Amino acid sequence: MTGIRSGSLVAAVLSLGLLAGCSGGAGKKPESFENFTAEQIYKRGEYELENSRRPKDAVQYFSEVERLYPYSEWAKRALIMQAYAYHRARDYEEARGAAQRFIDTYPGDEDAAYAKYLLALSYYDQIDEVGRDQGLTFQALQALREVIEQYPDTEYARSAILKFDLAFDHLAAKEMEIGRYYLKRGHYTAAINRFRVVVEEFQTTTHTPEALMRLVEAYLALGLNDEAQTAGAILGHNFQSSPFYQDAFAQLRGRGLQAEARGDSWLTRVYRQVIQGKWL
(Lines give C-alpha, C1' and ligand atoms only; values in the text may rest on other atoms or scores of the structure.)
Protein backbone atom coordinates (compact mmCIF):
# COMPACT_ATOMS: atom_id res chain seq x y z
CA MET A 1 0.00 0.00 0.00
CA THR A 2 2.86 2.35 0.78
CA GLY A 3 4.30 1.84 -2.67
CA ILE A 4 0.98 2.55 -4.33
CA ARG A 5 0.53 5.76 -2.40
CA SER A 6 4.07 6.85 -3.24
CA GLY A 7 3.48 6.10 -6.89
CA SER A 8 0.27 8.10 -6.88
CA LEU A 9 2.04 10.98 -5.21
CA VAL A 10 4.81 10.94 -7.81
CA ALA A 11 2.24 10.90 -10.60
CA ALA A 12 0.42 13.84 -9.06
CA VAL A 13 3.62 15.84 -8.67
CA LEU A 14 4.65 15.05 -12.23
CA SER A 15 1.26 16.09 -13.58
CA LEU A 16 1.51 19.40 -11.72
CA GLY A 17 4.95 19.96 -13.17
CA LEU A 18 3.80 19.18 -16.69
CA LEU A 19 0.80 21.46 -16.29
CA ALA A 20 3.06 24.23 -15.08
CA GLY A 21 4.93 23.87 -18.35
CA CYS A 22 1.67 24.06 -20.26
CA SER A 23 0.83 27.36 -18.65
CA GLY A 24 3.85 28.94 -20.32
CA GLY A 25 6.28 31.55 -19.04
CA ALA A 26 6.19 35.29 -19.40
CA GLY A 27 5.39 36.25 -22.97
CA LYS A 28 5.05 32.60 -23.99
CA LYS A 29 1.77 31.35 -25.45
CA PRO A 30 0.28 28.53 -23.32
CA GLU A 31 0.32 25.08 -24.87
CA SER A 32 -2.67 22.75 -25.04
CA PHE A 33 -4.19 21.24 -21.90
CA GLU A 34 -5.92 18.55 -23.92
CA ASN A 35 -3.53 15.77 -22.88
CA PHE A 36 -4.56 16.09 -19.25
CA THR A 37 -7.62 14.92 -17.41
CA ALA A 38 -10.17 17.31 -15.92
CA GLU A 39 -9.05 16.31 -12.45
CA GLN A 40 -5.37 17.03 -13.18
CA ILE A 41 -6.12 20.48 -14.56
CA TYR A 42 -8.51 21.25 -11.71
CA LYS A 43 -6.00 20.24 -9.06
CA ARG A 44 -3.37 22.42 -10.68
CA GLY A 45 -5.81 25.30 -10.36
CA GLU A 46 -6.28 24.50 -6.68
CA TYR A 47 -2.50 24.38 -6.24
CA GLU A 48 -2.10 27.82 -7.85
CA LEU A 49 -4.89 29.22 -5.70
CA GLU A 50 -3.25 27.99 -2.52
CA ASN A 51 0.37 28.79 -3.37
CA SER A 52 0.41 31.72 -5.75
CA ARG A 53 0.40 35.32 -4.63
CA ARG A 54 -1.88 36.04 -7.58
CA PRO A 55 -5.17 34.16 -7.17
CA LYS A 56 -6.11 34.94 -10.77
CA ASP A 57 -3.31 32.60 -11.91
CA ALA A 58 -5.64 29.75 -10.98
CA VAL A 59 -8.47 30.99 -13.20
CA GLN A 60 -6.91 29.79 -16.45
CA TYR A 61 -6.88 26.20 -15.15
CA PHE A 62 -10.47 26.30 -13.96
CA SER A 63 -11.51 27.88 -17.26
CA GLU A 64 -9.79 25.11 -19.22
CA VAL A 65 -11.62 22.45 -17.24
CA GLU A 66 -14.90 24.10 -18.14
CA ARG A 67 -13.89 24.43 -21.80
CA LEU A 68 -12.50 20.94 -22.31
CA TYR A 69 -14.92 19.01 -20.12
CA PRO A 70 -18.23 20.91 -20.31
CA TYR A 71 -21.19 19.68 -18.25
CA SER A 72 -18.94 17.39 -16.24
CA GLU A 73 -18.76 17.34 -12.46
CA TRP A 74 -15.27 18.85 -12.68
CA ALA A 75 -16.55 21.66 -14.92
CA LYS A 76 -19.21 22.48 -12.34
CA ARG A 77 -16.61 22.59 -9.57
CA ALA A 78 -14.27 24.65 -11.74
CA LEU A 79 -16.92 27.29 -12.37
CA ILE A 80 -17.58 27.95 -8.70
CA MET A 81 -13.81 28.04 -8.12
CA GLN A 82 -13.45 30.64 -10.85
CA ALA A 83 -15.87 32.85 -8.94
CA TYR A 84 -13.93 32.27 -5.73
CA ALA A 85 -10.54 32.94 -7.37
CA TYR A 86 -11.76 36.18 -8.93
CA HIS A 87 -13.14 37.27 -5.58
CA ARG A 88 -9.85 36.47 -3.85
CA ALA A 89 -8.14 38.62 -6.48
CA ARG A 90 -10.66 41.44 -5.80
CA ASP A 91 -11.82 41.33 -9.39
CA TYR A 92 -15.40 41.71 -8.24
CA GLU A 93 -17.04 42.19 -11.60
CA GLU A 94 -15.57 38.93 -12.94
CA ALA A 95 -16.48 37.19 -9.68
CA ARG A 96 -20.09 38.28 -10.10
CA GLY A 97 -20.09 37.07 -13.68
CA ALA A 98 -18.79 33.60 -12.80
CA ALA A 99 -21.09 33.28 -9.80
CA GLN A 100 -24.12 34.27 -11.86
CA ARG A 101 -23.19 31.77 -14.58
CA PHE A 102 -23.08 29.03 -11.96
CA ILE A 103 -26.51 30.02 -10.64
CA ASP A 104 -27.96 30.11 -14.15
CA THR A 105 -26.40 26.78 -15.16
CA TYR A 106 -26.86 24.84 -11.91
CA PRO A 107 -29.79 26.52 -10.10
CA GLY A 108 -30.63 23.41 -8.07
CA ASP A 109 -27.10 22.49 -7.09
CA GLU A 110 -26.09 22.47 -3.43
CA ASP A 111 -23.38 25.03 -4.21
CA ALA A 112 -25.90 27.48 -5.68
CA ALA A 113 -26.27 29.00 -2.20
CA TYR A 114 -22.52 29.60 -2.04
CA ALA A 115 -22.54 31.10 -5.54
CA LYS A 116 -25.32 33.46 -4.50
CA TYR A 117 -23.38 34.36 -1.39
CA LEU A 118 -20.22 35.06 -3.41
CA LEU A 119 -22.24 37.30 -5.71
CA ALA A 120 -23.53 39.25 -2.72
CA LEU A 121 -20.01 39.48 -1.24
CA SER A 122 -18.73 40.93 -4.51
CA TYR A 123 -20.91 43.97 -3.80
CA TYR A 124 -20.51 43.99 -0.03
CA ASP A 125 -16.71 43.91 -0.08
CA GLN A 126 -16.66 47.08 -2.16
CA ILE A 127 -18.36 49.04 0.61
CA ASP A 128 -15.08 50.25 2.00
CA GLU A 129 -15.83 53.75 3.23
CA VAL A 130 -18.79 55.95 4.09
CA GLY A 131 -17.96 58.55 1.44
CA ARG A 132 -18.25 56.11 -1.45
CA ASP A 133 -21.23 56.08 -3.82
CA GLN A 134 -24.10 54.24 -2.15
CA GLY A 135 -25.30 52.39 -5.28
CA LEU A 136 -23.11 49.41 -4.37
CA THR A 137 -24.56 49.36 -0.87
CA PHE A 138 -28.10 49.08 -2.23
CA GLN A 139 -26.99 46.29 -4.58
CA ALA A 140 -25.30 44.50 -1.69
CA LEU A 141 -28.46 44.75 0.40
CA GLN A 142 -30.56 43.33 -2.41
CA ALA A 143 -28.17 40.45 -3.06
CA LEU A 144 -27.81 39.65 0.65
CA ARG A 145 -31.58 39.66 1.06
CA GLU A 146 -31.85 37.11 -1.75
CA VAL A 147 -29.40 34.81 0.03
CA ILE A 148 -31.41 35.13 3.25
CA GLU A 149 -34.77 34.52 1.57
CA GLN A 150 -33.76 31.81 -0.90
CA TYR A 151 -31.41 29.80 1.35
CA PRO A 152 -32.67 30.53 4.89
CA ASP A 153 -31.34 27.37 6.53
CA THR A 154 -27.75 27.67 5.32
CA GLU A 155 -24.63 29.03 6.97
CA TYR A 156 -24.51 31.59 4.17
CA ALA A 157 -27.88 33.02 5.24
CA ARG A 158 -26.61 33.45 8.79
CA SER A 159 -23.55 35.32 7.56
CA ALA A 160 -25.68 37.33 5.12
CA ILE A 161 -27.93 38.53 7.97
CA LEU A 162 -24.93 39.98 9.82
CA LYS A 163 -23.61 41.64 6.68
CA PHE A 164 -27.08 42.95 5.79
CA ASP A 165 -27.27 44.74 9.14
CA LEU A 166 -23.81 46.25 8.62
CA ALA A 167 -24.68 47.40 5.09
CA PHE A 168 -27.96 48.88 6.35
CA ASP A 169 -26.02 50.72 9.05
CA HIS A 170 -23.66 51.96 6.35
CA LEU A 171 -26.52 53.66 4.49
CA ALA A 172 -27.63 55.38 7.69
CA ALA A 173 -24.05 56.51 8.29
CA LYS A 174 -24.04 58.20 4.89
CA GLU A 175 -27.24 60.08 5.70
CA MET A 176 -25.73 61.17 9.02
CA GLU A 177 -22.55 62.34 7.35
CA ILE A 178 -24.47 64.57 4.93
CA GLY A 179 -26.82 65.77 7.68
CA ARG A 180 -23.91 66.83 9.89
CA TYR A 181 -22.37 68.64 6.93
CA TYR A 182 -25.53 70.70 6.43
CA LEU A 183 -26.03 71.28 10.14
CA LYS A 184 -22.50 72.58 10.62
CA ARG A 185 -23.06 75.12 7.83
CA GLY A 186 -26.42 76.28 9.13
CA HIS A 187 -28.52 74.62 6.42
CA TYR A 188 -30.99 73.39 8.99
CA THR A 189 -33.86 72.32 6.76
CA ALA A 190 -31.54 70.25 4.57
CA ALA A 191 -29.99 68.70 7.67
CA ILE A 192 -33.41 67.86 9.12
CA ASN A 193 -34.37 66.06 5.92
CA ARG A 194 -31.35 63.78 6.25
CA PHE A 195 -31.86 63.04 9.94
CA ARG A 196 -35.54 62.35 9.27
CA VAL A 197 -34.55 59.64 6.78
CA VAL A 198 -32.51 57.93 9.50
CA VAL A 199 -35.35 58.11 12.03
CA GLU A 200 -38.03 56.89 9.62
CA GLU A 201 -36.14 54.44 7.40
CA PHE A 202 -33.11 53.32 9.41
CA GLN A 203 -34.54 53.32 12.93
CA THR A 204 -33.01 49.95 13.81
CA THR A 205 -29.46 51.15 13.17
CA THR A 206 -26.97 52.50 15.67
CA HIS A 207 -27.36 56.02 14.25
CA THR A 208 -30.92 56.70 15.41
CA PRO A 209 -30.02 58.21 18.83
CA GLU A 210 -27.67 60.74 17.26
CA ALA A 211 -30.18 61.54 14.49
CA LEU A 212 -32.80 62.41 17.12
CA MET A 213 -30.33 64.55 19.05
CA ARG A 214 -29.36 66.40 15.86
CA LEU A 215 -33.05 66.99 15.15
CA VAL A 216 -33.38 68.63 18.56
CA GLU A 217 -30.41 70.83 17.72
CA ALA A 218 -31.65 71.77 14.24
CA TYR A 219 -35.24 72.47 15.27
CA LEU A 220 -34.10 74.62 18.20
CA ALA A 221 -31.93 76.61 15.78
CA LEU A 222 -35.03 77.24 13.64
CA GLY A 223 -37.14 78.16 16.67
CA LEU A 224 -39.43 75.15 16.16
CA ASN A 225 -39.67 74.19 19.80
CA ASP A 226 -42.56 71.72 19.51
CA GLU A 227 -40.60 69.57 17.06
CA ALA A 228 -37.43 69.83 19.16
CA GLN A 229 -39.27 68.77 22.31
CA THR A 230 -40.95 65.86 20.54
CA ALA A 231 -37.63 64.63 19.13
CA GLY A 232 -36.23 64.78 22.66
CA ALA A 233 -39.21 62.81 23.99
CA ILE A 234 -38.68 60.03 21.43
CA LEU A 235 -34.99 59.96 22.27
CA GLY A 236 -35.73 59.74 25.99
CA HIS A 237 -38.31 57.00 25.53
CA ASN A 238 -36.01 54.72 23.53
CA PHE A 239 -32.45 55.74 24.37
CA GLN A 240 -32.49 57.36 27.81
CA SER A 241 -29.11 55.87 28.72
CA SER A 242 -27.50 57.23 25.55
CA PRO A 243 -25.08 60.18 25.81
CA PHE A 244 -27.02 61.70 22.91
CA TYR A 245 -30.07 61.94 25.15
CA GLN A 246 -28.05 63.74 27.81
CA ASP A 247 -26.88 66.21 25.17
CA ALA A 248 -30.41 66.76 23.82
CA PHE A 249 -31.81 67.12 27.34
CA ALA A 250 -29.19 69.78 28.14
CA GLN A 251 -30.05 71.72 24.98
CA LEU A 252 -33.77 71.69 25.80
CA ARG A 253 -33.24 72.60 29.45
CA GLY A 254 -31.03 75.49 28.35
CA ARG A 255 -34.10 76.91 26.59
CA GLY A 256 -36.40 76.18 29.51
CA LEU A 257 -38.05 73.34 27.61
CA GLN A 258 -38.99 69.75 28.46
CA ALA A 259 -38.63 66.57 26.41
CA GLU A 260 -42.32 65.98 25.69
CA ALA A 261 -44.54 65.41 22.66
CA ARG A 262 -46.07 68.63 21.39
CA GLY A 263 -47.84 69.77 18.22
CA ASP A 264 -48.80 67.62 15.24
CA SER A 265 -45.67 67.12 13.17
CA TRP A 266 -44.21 63.98 11.63
CA LEU A 267 -42.31 63.50 14.88
CA THR A 268 -45.56 63.52 16.87
CA ARG A 269 -46.82 60.66 14.70
CA VAL A 270 -43.58 58.77 15.35
CA TYR A 271 -44.01 59.42 19.07
CA ARG A 272 -47.50 57.93 19.03
CA GLN A 273 -46.11 54.84 17.35
CA VAL A 274 -43.50 54.57 20.06
CA ILE A 275 -46.09 54.70 22.80
CA GLN A 276 -48.18 52.07 20.99
CA GLY A 277 -45.19 49.76 20.75
CA LYS A 278 -44.81 50.06 16.98
CA TRP A 279 -41.46 51.79 16.96
CA LEU A 280 -38.49 49.43 16.78
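The values are calculated or read from the model by the stated rules, or taken from the named source; none is laboratory data. All values reported here derive from a predicted model rather than from experimental measurement. As a convention, Cβ positions derive from the backbone with ideal geometry for all residues, glycine included, and neighbour counts pool all protein chains shown. Heads up: the accessible areas ignore ligands, DNA and RNA and are worked out on the full protein's heavy atoms, side chains in. Shrake-Rupley method; radii C 1.70, N 1.55, O 1.52, S 1.80 Å.
Computed in the context of the full set of protein chains, the accessible area of region 171-276 at 1.4 Å probe radius has 44% of its extent on carbon or sulfur. Applying the Kirkwood pairwise sum to the alpha-carbon positions of the chain produces a hydrodynamic radius of 22.7 angstrom. From helices alone, the chain scores -23500 deg cm²/dmol at 222 nm; the rule is -39500 (n - 2.57) for each run of n ≥ 4 DSSP H residues, then divide by the residue total. Amide H to amide H, with H built 1.01 Å from N, ARG262 comes under 5 Å of THR230, counting only residues 5 or more places away or on other chains. May I ask for log10 I(q)/I(0) of region 169-252 at q = 0.13, 0.18 Å⁻¹, from a Debye sum over the Cα atoms as equal point scatterers with solvent left out? Here the Debye-derived log intensity ratios amount to -0.33, -0.64.
Can you bin region 149-198 into rounded, prolate or oblate? Criterion: square roots of the alpha carbon gyration tensor eigenvalues sorted a ≥ b ≥ c, rounded for a/c under 1.5, prolate for a/b above b/c, oblate for the rest. It comes out prolate by the Cα gyration axes.
For trypsin sites (Lys or Arg not before Pro), the sites in region 47-113 that DSSP calls loop and that have at most 15 other Cβ atoms within 10 Å are ARG53, ARG90. Running Debye on region 37-157 with equal point scatterers at the Cα sites and no solvent, what base-10 log of I(q)/I(0) appears at q = 0.14 Å⁻¹? Ignoring solvent entirely, the Cα scatterers give -0.60.
Directionally averaged projected area (region 114-184, Cα convex hull): 4.4 nm². When the Gaussian network model of the chain links Cα atoms closer than 10 Å, the mean-square fluctuations of LYS163, LYS43, LYS116 top out at LYS43.
Give me the percent of accessible area attributable to carbon and sulfur for region 38-170, probe 1.4 angstrom. Here it works out to 44 percent. The peptide list 144-152, 229-237, put in order of mean Cβ contacts within 10 Å with the highest first, becomes 229-237, 144-152. Using the 1.4 Å probe convention, the accessible area of the chain works out to 54 Å² per residue with neighbouring protein chains retained.
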